[in-house]
Amino acid sequence: MTAEKIKEIVSQMTLEEKASMCSGADFWHTEAVERLGIPASMVSDGPHGLRKQDQEGDHLGVNDSIRAVCFPAGCGTAASFNRELIQQMGETLGEECQAEGVSVILGPAVNIKRSPLCGRNFEYYSEDPLVASEMAGALIHGVQSKNVGTSIKHFLGNNQETRRMTSDSRIGERSLHEIYLAAFEGAVKKEKPWTVMCSYNKINGTYAAENHKYLTEVLRDEWGFEGYVMSDWGAVNSRVKDLQAGLDLEMPSSNGFNDKLIVGAVQSGELPEKVLDAAVGRILNIVFRYEENRDKNAVFDRDKDHEMARKVAQETIVLLKNEGVLPLSEQDEIAFIGKYAKTPRYQGGGSSHINSHKVTSALDAVEGMSNVTYAQGFDDKEDKTDEKLLAEAVEAAKKAKVAVIFAGLPDAFESEGFDRAHMRMPDCQNELISSVAAVQPNTVVVLHNGSPVEMPWVNEVKGIVEAYLGGQAVGGAVCDILFGRVNPSAKLPESFPLKLEDNPSYLFYIGERDKVEYREGIFVGYRYYDKKKMDVLFPFGHGLSYTTFGYSNLTTDKDHMKDTDVMTVSVDVTNTGHMAGKEIVQLYVADKESTVIRPVRELKGFEKVELAPGETKTVTFNLDKRAFAYYSVKLQDWHVETGAFDIMIGRSSRDLVLTKEVTVESTVKIPFVYTTDTTMGDVLRDPRAREIVAGLLKLDIFGGEQGKAESDVANEAISEGMSEAMAGFTPLRGAVSFGGGMNMADIQEIVDQLNALEDI
């Protein structure tokens, strides 16, 4: 429907009808206005499956939803690093939504994994904003190709569940732009989601729902977002303020209460009616976009989509460790141990919980293989060792050639609504793993979890497979990996620290009551661990394969570029092993010398490439200004400092195989404002300034030759380096206190001359 037609419809609506459009008709539907042909429109939870509730609604997964297909959660899909695959998953979800009459699926969730403790980390993609944004963009592209909307969430700074409805995320402006906004920015700009969902929390003192800076100035004015902004369920605190800030749709229904507030605010003049009209227009645009593109022939083929879920899961499983034990032989005696072999934990709890139409466990996948035995090993109802189950597992392991333990985190350890108290697995599972490994040298651990865990047994086992929360077909996908039917190709989209205390947010995560300070700044995940040169359990980007890959011929189309240019980088990747496989090529950029504090390297590109044995392919990346820039608070924009940068190709953030140095020249200069407090060292950074301060350079305090000679005679303890440092760190006003016969007026005159240089 054209913009003009929508404006015409809005002009025919009563004030009360317009107000009613800005809140849900019930838990899942927008309001209808039958006399004007405006239909109700249904939204539904996602993003890794359709949680459509036909009857009583809720947002925590308490009530039943329709039978659907559970795909791998975001923690896993991000590990695939495969945009095309996740786009296909999105297309499948879009088809399901069309078949079920759902106009918008609520996802993807792109919040940054600031801490392993966040209860919703399983829904989120990564600690890195590029990975989060690119994977979200792929899902959005796929879903919306079926004329179904997405709702990228939770905007903004929602990185914990504790006190999520009242907490205040205190985040520095540079950190916001480089980390937390960046996760949303690329997906919004490139893929144009139909809707955005705001979060519950405050950002620097203002609730997200009433934050004009981010809902309007950033989201709409800077990024060009054209859809409607909806609230998370129950996130509205002050309806009129929210509307003025840019929150269009309140969900769920307010039962008419907030509608009356809107009507009253317009009538009193507090709320301009054009603000209300704009919100209604944005909502109607999406309602009609879906309605006019309904696919009445769409089919929800659950069995077919189950196979798609298995295909996705195959590329979300990370091979963390393999000391020659994998792949397994299908003829060997194998013991499957652990409750999750029979009843896998394949999804998280809360609003994304899918009522799966069927679930394939690892035991289901090996049905008919008489060489595979099973022992439960543990129960996850409580963290308590069952001695009988443990003994049965140990005995089964002794009799087998290989033991595969299916372990991880139970529902009680991670879910929407609360944060984890620690990073440990249940003690009973750790005991099981150590006990089995003690009697069976060929032990493999398969993990079912939505976030990193500590692994006290890491050196006791030969293989570790991170299955994440792999969706309802996870059992088949895991067996495909274990037996080598599929070559593992996933890599970690997050760092696994050795222990929780190593995490950069550890001291300040959760915060004090409602105040949460993000004191680690831009140093989230690998940006912190790599800067600190800290040992980690497994680094960001790590993941093994059953084949090997070689890298060569790193080239750039230019060695020197201006920040307005685009640099093309290419590298050859060769499968040097004996099995076809996929490799994730990671490109990092390092600023070799910066006046601002920066990470030692940052991921700026990734591509997944499939190679037959012996095959070589060239992988190409395009790097623009943003690949080299940091966010300048002074400029309120992205800025590149002129200088040398390293282009690095790696298998992980710690395994860098090729490096090439390039030079980038800035076309923007940040004005330097001189004051009487400016140090002589800072003054002399500009060669033009030397003539202006020539007189000061002769003074003792600033390292004059006479002063140095006298200093050496008077005190041999003062080294030349100390004198230079003291001179460089002395402010210009020091000339008044330490000789030279100058006063502050003289110093101010010098300062004015220096500032005049900046205007040239």
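The values are calculated or read from the model by the stated rules, or taken from the named source; none is laboratory data. Keep in mind it's a predicted model, so treat the numbers as computed, not measured. Glycine gets a Cβ as well: all are built from the backbone with ideal geometry, and neighbour counts include every protein chain shown. For accessibility, only protein heavy atoms count, side chains too; no ligands or nucleic acids. Shrake-Rupley method; radii C 1.70, N 1.55, O 1.52, S 1.80 Å.
Report the convex hull volume per residue for the range 485-629, counting only C-alpha atoms, in Å³.
Taking the convex hull of the Cα positions in the range 485-629, it is 152 Å³ per residue.
At a probe radius of 1.4 Å, what is the per-residue accessible area of GLU610, in Å² to the nearest 10?
110
Considering the options THR30, GLN12, MET1, tell which one lies farthest towards the positive end of the dipole of the range 1-53, charges being +1 on Lys and Arg and -1 on Asp and Glu at the Cβ, about the Cα centre.
MET1
Hey, what do the phi angles of the range 548-554 turn into as Karplus ³J(HN,Hα) couplings, whole Hz, using 6.51/-1.76/1.60 and θ = phi - 60°, x for Gly and Pro?
10, 10, x, 10, 7, 6, 6
Do the sum for the chain: with -39,500 (n - 2.57) for every DSSP H run of n ≥ 4, divided by all residues, what is the mean residue ellipticity at 222 nm, to the nearest 500 deg cm²/dmol?
Using -39500 (n - 2.57) per qualifying helix, the result is -8000 deg cm²/dmol.
Could you grab the Rg to Rh ratio for the range 432-527? Cα atoms only, Kirkwood for Rh.
A ratio of 1.07.
Given C-alpha coordinates of the chain, what is the ratio Rg to Rh with the Kirkwood estimate of Rh?
Checking Rg against Rh, the ratio lands at 1.04.
For the range 620-705, evaluate the Debye formula with one uniform point scatterer on each Cα (no solvent term) and list log10 I(q)/I(0) at q = 0.11, 0.14, 0.21, 0.25 Å⁻¹, rounded to two decimals.
Result of the Debye calculation: -0.54, -0.74, -1.05, -1.26.
Rounded, prolate or oblate: which fits the range 506-548, taking a ≥ b ≥ c as square roots of the Cα gyration tensor eigenvalues, rounded meaning a/c under 1.5, else prolate when a/b beats b/c?
The shape class here is prolate.
Going by the alpha-carbon gyration tensor, a ≥ b ≥ c the square roots of its eigenvalues, is the range 192-285 rounded (a/c under 1.5) or, if a/c is not under 1.5, prolate (a/b greater than b/c) versus oblate?
Here the range 192-285 falls in the rounded category.
Could you tell me which of the pairs LYS634/LYS669; LYS311/LYS491; LYS190/LYS241; LYS499/LYS532 are separated by over 18 angstrom between their Cα atoms in the structure shown?
LYS190/LYS241
What number comes out for accessible area per residue over the chain if the probe is 1.4 Å? Units Å², please.
On a per-residue basis, the chain sits at 39 Å².
Between the alpha-carbon centers of the range 528-573 and the range 388-450, tell me the distance in whole angstrom.
34
Calculate the dipole size of the chain relative to its Cα centre from +1 charges on Lys and Arg beta carbons and -1 charges on Asp and Glu beta carbons; express the result in debye to the nearest 20.
The dipole magnitude comes to about 860 debye.
Quick one: in the range 403-452, what % of C-alpha pairs are over 15 Å apart?
48
Quick one: how many lysine pairs in the range 570-633 have C-alpha atoms under 19 angstrom apart, if they're 8 or more apart or on different chains?
6
Compute the distribution of all C-alpha to C-alpha distances in the range 137-184, in bins of 10 Å from 0, and list the percent of pairs in each, rounded to whole numbers.
With a bin width of 10 Å, the distribution comes to 22, 38, 29, 11.
Carbon and sulfur atoms: what percent of the 1.4 Å accessible area of the chain do they account for?
Carbon and sulfur atoms account for 48 percent of the accessible area of the chain.
Given H placed 1.01 Å from N in the peptide plane, which residues other than close sequence neighbours of GLY408 have an amide H under 5 Å from its amide H?
When sequence neighbours closer than 5 places are left aside, the close amide H contacts are HIS448.
Dividing the convex hull volume of the alpha carbon atoms of the range 339-436 by its residue count, what do you get in Å³ per residue?
In the range 339-436, the Cα convex hull volume per residue is 105 Å³.
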